[in-house]
Every structure is written in structure tokens, then in C-alpha cells.
1. Need pairs with beta-carbon distance below 7 Å; first residue in a loop (DSSP other than H, G, I, E, B) and within the stretch 298-324, second basic (Lys, Arg); sequence gap 6+ or separate chains.
2. Answer yes if at least one residue in the stretch 259-268 is in contact (Cβ under 8 Å) with a residue 12 or more places away in the chain, of a type in the set (Asp, Glu) and surrounded by fewer than 16 Cβ atoms within 10 Å (Cβ to Cβ), and no otherwise.
3. Mind telling me which of the residues GLY41, GLY28 ends up being assigned by TED's automatic domain parsing to the domain that holds GLY119 and either over 18 Å from ALA78 (Cβ atoms) or out of contact with any Pro (no Cβ under 7 Å at 6 or more places or on another chain) (or both)?
4. Does the stretch 80-94 include one or more residues that are in contact (Cβ under 8 Å) with a residue 40 or more places away in the chain and either touching a Ser or Thr at 6+ places or on another chain (Cβ under 6 Å) or polar (S, T, N, Q) (or both)?
5. Every residue in the stretch 139-187 that is touching a Ser or Thr at 6+ places or on another chain (Cβ under 6 Å) and among the hydroxyl-bearing types (Ser, Thr, Tyr), please.
6. Anything in the stretch 138-154 that is polar (S, T, N, Q) and either surrounded by fewer than 12 Cβ atoms within 10 Å (Cβ to Cβ) or assigned to a loop (DSSP other than H, G, I, E, B) (or both)? List them, or say none.
7. The conditions are (1) surrounded by 17 or more Cβ atoms within 10 Å (Cβ to Cβ); (2) out of contact with any strand residue (DSSP E or B) (no Cβ under 7 Å at 6 or more places or on another chain); (3) over 30 Å from VAL187 (Cα atoms), and VAL242 fails exactly one of them. Which is it?
8. Please list, ordered by first then second residue, the pairs with beta carbon atoms under 6 Å, 6 or more apart or interchain, first in the stretch 133-151 and under 14 Å from TRP281 (Cβ atoms), second of a type in the set (D, E, K, R) and modelled with pLDDT under 95.
Amino acid sequence: MNVNETDVVVIGAGQAGLSSAYFLNRFGLDPVVLDAAEGPGGAWRHRSPSLTMDKVHGIFDLPGVHREPSADGLAPAALVVPEYYGAYEREAGLRIVRPVQVRAVTRGDGRLVVASDAGEWAARAVVNATGTWTRPYWPYYPGSSGFLGRQLHYAAYRGPAEFAGRRVVVVGGGASAMHVLSELGGVAAGTLWVTRRPPVWRDDDFGEEARRDAVAMVEERVRQGLPPQSVVSVTGLGYTPVVLEALEKGTLHRLPMFARIEPGGVAWGDGRFEAADTIVWATGFRSALDHLAPLRLRTPGGGIQVDGTQAMAEPRLQLVGYGPSASTVGANRAGRTAAVNVRRLLAATRAAA
């Protein structure tokens with residue numbers, strides 16, 4: 001198999017990947033962007049059809065090319081955002097190769113070798129932007145295998161209709177749980193919301209300063225090599241339209257996490273039992289980084305030590321869509337940071353040659 005030599009490969013074409021590619025282009029580096037999806041949109045392509053534009057937190061404009069994604073609040077985000085991203089790719093002149101499944105990134109001859117089902121690229125630098133959507137986190141609880149009802153992760157949630165008349169337990173304290181609870185009220189026979197920690201509500205507008213503070217808190221964890229928390233876990237829940245809808249429907253009566261799952265429901269250590277025939281695990285996602293395993297970047301703490309976007313154990317690798325940039329809050333800034341780091345690395349490499 002032929003190996004293609006290039007300066008920079010970006011893996012992933014979600015918000016963080018497109019932002020990185022845009023700034024790399026601005027710096028004259030012409031990155032190759034490898035994307036696993038059939039078309040534009042990143043994780044948004046796979047969202048529930050019931051997640052409409054008036055329910056999302058807002059799509060932060062991708063850098064350099066301003067577009068209004070949609071004025072129709074009832075349009076599904078899974079259709080609007082991919083259209084927006086596709087137009088952005090064209091207008092920004094980005095070179096996207098898809099669908100490409102990256103299998104491994106290894107070290108070789110002064111470069112990082114990106115092996116995929118579409119060939120190999122030997123790059124002086126790699127920006128990894130594979131995000132989290134393909135790694136839904138599904139925690140284990142005793143008795144799970146004996147549950148007689150249905151269990152699904154939020155990644156498989158496709159709207160409320162299929163839960164009509166069901167008794168549904170929703171597990172999780174983030175935006176995904178809010179989405180489900182806002183839609184099941186009045187449709188399901190009953191809902192039960194459980195979380196490991198009491199929810200923290202915020203009533204401010206979550207402005208720019210608050211966003212920077214939230215990102216900084218997650219950054220500190222990844223700098224220490226700890227597994228990253230989601231940005232939402234440190235920001236708390238705001239009174240978004242989705243939350244207000246769930247409050248109006250009376251579905252936000254939170255209970256602490258159950259101790260075990262029984263065939264017909266869930267049970268707590270104090271003897272409480274609640275009947276259920278469906279459990280929705282809105283328990284988040286983990287970073288999709290298996291292809292980086294050959295680089296042996298994991299610390300004893302379980303994460304990858306990152307300073308900004310720089311993998312500290314591998315100067316040729318930038319991680320965006322990881323930790324603080326795994327949400328719309330930090331993705332654009334991370335893309336620029338990664339591009340600046342790559343430009344500096346390549347300039348130093350050429351000066352030393």
C-alpha cells in the first residue's frame with residue numbers, strides 16, 4: 001500500500017476538526033481531513049429527529065465563514081447542521097476525504113503514520129478531532145442483565161413516540177437527559193429521573209466569561225492526565241427551552257441513583273422499589289481514541305496529558321474535541337490553538353533540517 005506524505009492530517013470533521021482545518025488552511029498548511037461519516041455534520045448527523053433547532057443550545061458559528069444555520073426552530077438539527085457544515089466545507093475550501101475509517105496512528109521515520117481503510121498518510125503533525133459520539137458510556141449496575149424491559153443509550157433515542165404508555169427511568173444529569181424528559185412528559189405512562197449527584201441549576205445567561213471559566217476547569221484535569229469531565233458537569237444546567245418544557249411537564253423530580261436493577265424495575269438500598277419497563281441511559285460519552293493506542297499516551301490516571309491541545313507525550317499530536325473542546329463551548333478556540341501549535345512545530349522542524 002502506498003503511503004501519502006503530507007504536512008498535516010486532521011482526523012474528524014465535526015466542529016473541532018473543521019475549525020482546526022480552517023485555521024491550518026489560513027496558515028497555508030493545506031491539511032488532509034479524514035472523516036468516517038458518509039457526509040458532513042459530525043455527530044449531529046446521528047441526533048434524534050425530535051431534537052429541533054429550538055432545543056439545541058445554539059450552533060456556534062464556525063470560524064471565518066458566517067452563515068445563519070436556520071431560522072426554522074422546528075427543523076431537525078440532524079438535517080440543518082449537516083447542511084450548514086457541508087456548505088462551510090465548500091466555502092472554506094477544505095479538503096475532506098470520506099468515508100475513511102482510521103485504524104491506527106503510529107510513529108515512523110520522524111512522522112506520524114495514519115493507517116486507514118483508504119490508505120496511509122505519513123504526516124509531520126496530526127490533529128485528532130474524533131470526538132465522543134461513537135463511544136456512548138453505559139455504566140454497569142447489579143442486575144442489569146436480568147432486566148425484563150428495554151434498555152437503550154441516549155445515542156439510540158429517536159423521539160418520544162415509541163415510549164407511549166411505558167414506565168421510563170431516565171439516568172443522567174446533563175442536556176441529553178433534559179431532552180428525553182422534556183419529550184416523555186404526557187407521552188410515557190410515567191417517568192423517573194435519577195442522577196448520581198444532585199443537579200446544579202444556574203440562572204445566569206452563561207456568558208463568555210462563564211464559558212472560559214468552565215473550559216479552564218476541564219483543561220486543568222487533562223493537563224494532569226486525568227480523564228476529562230464534560231463541560232456540562234462543571235457548568236450546571238441552565239434554564240434552556242428544553243429544561244423549561246420538562247419543568248412544565250413535571251418530569252424533573254430527581255431521585256438519587258438506584259443501587260440495583262431488578263427484573264421489573266429499579267431498587268434502592270433503603271428498600272424503595274420503582275416499577276419500570278424502560279431505562280434510558282443518558283450517561284454521556286467517552287473520547288473515541290482507540291486508534292491512538294499504539295502511541296501509548298495514557299497516564300496512570302487514565303487520561304492523556306494535554307496542555308491546551310498539545311499531547312504532552314507526543315509533540316506532533318494535537319487533541320481537539322477532547323476534554324474542554326468536546327462541546328461547542330471550546331471547539332472553535334481549540335481549533336485555532338491546535339493550528340498555531342502545528343505551525344510552530346513545522347517551522348521549528350524546517351529550521352532544524
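1. GLN305/ARG223; ARG316/ARG124
2. The answer is no, given that none of the residues of the stretch 259-268 is in contact (Cβ under 8 Å) with a residue 12 or more places away in the chain, of a type in the set (Asp, Glu) and surrounded by fewer than 16 Cβ atoms within 10 Å (Cβ to Cβ).
3. On the way: GLY41 fails: either over 18 Å from ALA78 (Cβ atoms) or out of contact with any Pro (no Cβ under 7 Å at 6 or more places or on another chain) (or both).
Answer to the check: GLY28.
4. no
5. TYR154, TYR157
6. Going through the stretch 138-154, the residues polar (S, T, N, Q) turn out to be 144-145, 151.
Hit for the stretch 138-154 is SER145, nothing else.
7. (3) is the only condition that VAL242 fails.
8. ARG135/ARG286; TYR137/ARG286
The values are calculated or read from the model by the stated rules, or taken from the named source; none is laboratory data. Remember, it's a predicted structure, so these values are computed and weren't measured experimentally. Methodologically, a virtual Cβ is constructed for each residue, glycine included, from the backbone with ideal geometry; neighbour enumeration extends over all protein chains shown.
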